[in-house]
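Step one of this worksheet: look at the structure below.
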Amino acid sequence: MPTEQQAHYKQAMRDQWSTAAEAWGANHPKFAEMSKHVTAAIVVAADLKEGHHVLDLAGGTGEPSLTVARQILPEGTVICTDLVQPMLDAAQRNAKDEGLTNITFQQVDMEDIPFEDGRFDRITARFGIMFPPDTQLALSEIKRVLKPGGRVAFTVWAPIAENPSFTVINGPLMAAGLLKPPPPDAPTPFRFGEPGSLTAQLRQAGFNDVHEEVRDIEWAWPGTAEEQIAFNRATLTTTRNALDAAPPEVIEQIKAGMNKHKDGDRLNYGAKIYVVWAVK
Ligand SMILES: C[S@@+](CC[C@H](N)C(=O)[O-])C[C@H]1O[C@@H](n2cnc3c(N)ncnc32)[C@H](O)[C@@H]1O
C-alpha cells in the first residue's frame, strides 16, 4: 500500500503531466532537438540489437521510443508507455508522422506494470525513473518484466546547480521568494542528482553490472529567451505559477541570464546528466 504522501505525489504527477501534455506535444520538435544528445546516450547505453522487444517507460511525447523503434527494425518492437494518456496521444501522432509501424502505445504506471514476467529484452526511461514515488517498487516491477540477462538504461539529471537551463529560471524566482525548494523525498527531476544515488537503488533492487557515467552534453534551446520562458511556463506547472506571479524586473533578470548563453540563434547552456545501465 502506498503511504498517504506517496499517493499524494502520484496524483500530483498525473495532474501535472496531463495539464502540460498539450504544450509538450506542440513543442516536441524543439525539445527533441534540444535533447538529441541525451537520446543518443540512452540508445547507446541500452545496447540495442535488431529484433529486440523494448519497453520505454515514462515515454512522454515519444523519446527515446521513436529513436529506439528505428534502430531495431525490421523485427523489433517498442511499447511506448506513460503514466498519462495525453502525453501518449502526442507520442502516437509523432510516430504516425514518421511512418513508424513497430511501435505501440499503452498507459502504464511503472510502479504497476501490466506485462508478464521476462517479456522485454530492454527497458528504457529517459528523464523518467525519478518520478514514481516508490523507486524500489518501480525497479522491482521493471526487473520482473525484463528477461534474464536483459538490460535497463536510464538518464537522470545531475544536481540543478550544474544545469544552467534550469537555474537561469529557478534562481531569480527563488531569490524573489516565488519558488521554494521541494522536500528532499519529492519526485522531482533532480531526485537522483547525488552521484551514485540511482546506482545504489539499482543494486538494492538486485540488478547486476550497474554502470553510472556522468556526461557533459550539449543542451541548447533552439530559439529565443522569450520562447524558452513560454515553453517552461507551458510545460512545468510549478514554474508557471511562479512566472505568473513574477514582477517584470524578475522576468528581465531571467531573460538576461538566458541571453548570457546566446550562441547564434540558440541558447547554448550545456547540461550534466548521468547515464545509468544495469543487467538483470
Ligand atoms: C520529463 S518527462 C520525460 C518524457 C520523455 N521520456 C522525454 O525524455 O522527453 C517525464 C514523464 O514521466 C511520466 N511519469 C511520471 N510518473 C510516472 C510513473 N509512475 N510511471 C510512468 N510514467 C510516469 C510523466 O507522465 C511524464 O510524461
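The values are calculated or read from the model by the stated rules, or taken from the named source; none is laboratory data. Quantities reported herein were computed from a predicted structural model and do not represent experimental measurements. Using ideal geometry, Cβ is built from the backbone for each residue, glycine included, and neighbour counts are taken over all protein chains shown.
Of the set (1) under 21 Å from PHE31 (Cα atoms); (2) part of a loop (DSSP other than H, G, I, E, B); (3) within 12 Å of the ligand (Cβ to nearest atom); (4) not basic (Lys, Arg), all apply to PRO132 but (1). Among the numbered conditions (1) more than 9 Å from the ligand (Cβ to nearest atom); (2) surrounded by 22 or more Cβ atoms within 10 Å (Cβ to Cβ), the only one that THR81 does not meet is (1).
Let's see how each residue does on (1) within 17 Å of THR188 (Cα to Cα); (2) in a helix (DSSP H, G or I); (3) under 18 Å from the mean Cα position of the chain (by Cα):
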residue	(1), (2), (3)
GLN5	yes, yes, no
TRP17	yes, yes, yes
GLY25	no, yes, yes
GLY51	no, no, no
GLY62	no, no, yes
VAL68	no, yes, yes
LEU73	no, no, no
VAL78	no, no, yes
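Yes or no: region 143-166 includes at least one residue that is of a type in the set (Lys, Arg), over 27 Å from HIS261 (Cβ atoms), part of a helix (DSSP H, G or I) and modelled with pLDDT of 95 or more. So far as region 143-166 goes, yes, one or more of its residues are of a type in the set (Lys, Arg), over 27 Å from HIS261 (Cβ atoms), part of a helix (DSSP H, G or I) and modelled with pLDDT of 95 or more. When only residues in region 32-49 that are closer than 24 Å to ILE113 by Cα and surrounded by fewer than 16 Cβ atoms within 10 Å (Cβ to Cβ) count, which is nearest to the ligand (Cβ to nearest atom)? Ranking the candidates gives ASP47 first.
The C-beta contact set for region 136-164 (first residue free of Cβ contacts under 8 Å to residues at least 40 places away in the same chain and over 22 Å from PRO2 (Cβ atoms), second residue aliphatic (A, V, I, L, M) and outside any strand (DSSP E or B), distance under 6 angstrom, 6+ apart or interchain) is empty. Check region 67-78 and report whether any residue there is in contact (Cβ under 8 Å) with a residue 12 or more places away in the chain, more than 10 Å from the ligand (Cβ to nearest atom), among the charged types (D, E, K, R) and farther than 23 Å from PRO148 by Cα. Within region 67-78, one or more residues are in contact (Cβ under 8 Å) with a residue 12 or more places away in the chain, more than 10 Å from the ligand (Cβ to nearest atom), among the charged types (D, E, K, R) and farther than 23 Å from PRO148 by Cα.
Annotation: PHE127 fulfils all but one of (1) surrounded by fewer than 24 Cβ atoms within 10 Å (Cβ to Cβ); (2) of a type in the set (Phe, Trp, Tyr); (3) more than 9 Å from the ligand (Cβ to nearest atom); the unmet one is (3). Taking the condition on the phi > 0 side of the Ramachandran plot and in contact with a Lys or Arg (Cβ under 7 Å, 6 or more places away or on another chain), does GLY149 pass? Criteria met by GLY149.
The set of residues in region 120-159 being acidic (Asp, Glu) and out of contact with any Gly (no Cβ under 8 Å at 6 or more places or on another chain) consists of ASP134, GLU141.
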